[in-house]
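Asker: Structure provided below as structure tokens; questions to follow.
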Amino acid sequence: MTNFNPKELAALYLSADISDIWQASQSYAVIDHPSFGKISPNDYRAKYHQKPCPFCGQKMFHGKLAHSTNNKQEAIARGYEYLDKNGNKIINRAGNTYFHPHYVTLDHKLNKARCPERMFDSSNLQIMCWKCNNLKGDNNAYELQHNLNYLQDLAEETLHRYPLL
Ligand SMILES: [Zn+2]
């Protein structure tokens with residue numbers, strides 16, 4: 001379980017199979033991280049509890065007991081609801097469980113369905129909150145666009161602060 005051969009992973013082509021392997025591996029030390037060493041996806045996420053999301057800067061949460069609920073009304077009462085990119089109200093959900101909007105997720109920079117051989121490759125993994133992950137969708141250029149938006153905002157703010165003479 002802890003030793004996946006990237007060549008075997010590359011041979012996977014059904015996204016359901018790829019998802020199954022990812023789900024089944026969550027508690028196993030399948031990632032070789034430069035700082036954390038061999039680590040499971042769950043333990044990797046847990047390290048970012050109460051740390052800021054690198055994309056939106058909001059504090060992230062990890063721990064299903066404290067930061068999820070099976071009751072939709074309770075989820076709404078806790079403020080879990082937010083607007084997606086189309087302006088629709090959504091709540092992060094896995095099965096019948098509703099999660100905090102900034103719950104920690106481990107995202108694949110290159111979609112694991114397209115690049116299964118890099119599913120556990122730490123250079124292909126990045127931490128972000130669930131909301132950012134949702135907004136990212138399957139857009140592999142998200143990080144680039146996000147940085148570009150940030151730079152444009154910064155440029156505008158700088159111009160605003162220091163008007164050209
Ligand atoms: Zn975020």
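The values are calculated or read from the model by the stated rules, or taken from the named source; none is laboratory data. Keep in mind the model is a prediction, meaning the values are calculated, not measured. When we count neighbours, we look across all protein chains shown, and the Cβ atoms used for this are built from the backbone with ideal geometry, even at glycine. In case anyone asks, the SASA skips ligands and DNA or RNA and just uses the protein heavy atoms, side chains included. Shrake-Rupley method; radii C 1.70, N 1.55, O 1.52, S 1.80 Å.
Asker: Calculate, for the stretch 31-148, the solvent-accessible area per residue in square angstrom, rolling a 1.4 angstrom probe over the heavy atoms of the protein chains.
Answerer: 54
Asker: Can you spot the lysines whose alpha carbon is less than 22 Å from Lys131's alpha carbon? Ignore those fewer than 8 places along the same chain.
Answerer: Here the lysines satisfying the reach criterion relative to Lys131 are Lys47, Lys51, Lys59, Lys64, Lys72, Lys85, Lys89, Lys109, Lys112.
Asker: A follow-up question, please. Pop out the carbon and sulfur fraction of the accessible area of the stretch 1-84 as a percent, whole number, probe 1.4 Å.
Answerer: Details: 2650 of 5330 Å².
Carbon-and-sulfur percentage of accessible area, whole number: 50.
Asker: Moving on to the next point. Report the local net charge at Leu9: Lys and Arg +1, Asp and Glu -1, summed over other residues whose C-beta lies under 13 Å from its C-beta.
Answerer: Residues near Leu9 contribute -1 overall.
Asker: Let me ask you something else. Between Lys64 and Gln152, what is 0.36 nm times their sequence separation minus the Cα-Cα distance? Round to one decimal in nm.
Answerer: Using 0.36 nm per residue and subtracting the Cα-Cα distance, I get 28.0 nm.
Asker: On to the next question. Along the charge dipole of the stretch 12-74, Cβ charges K/R +1 and D/E -1, which of Gly57, Leu14, Tyr28 sits furthest on the positive end?
Answerer: Of the candidates, Gly57 comes out farthest on the positive side.
Asker: Carbon and sulfur together cover what percent of the accessible area of the stretch 98-138 at a 1.4 Å probe radius?
Answerer: About 46 percent, which is the carbon plus sulfur part of the accessible surface.
Asker: Could you give me the ³J(HN,Hα) list for the stretch 66-78, computed from phi with Karplus coefficients 6.51, -1.76, 1.60 and θ = phi - 60°, whole Hz, x at Gly and Pro?
Answerer: 7, 10, 8, 8, 8, 10, 4, 4, 4, 4, 5, 4, 7
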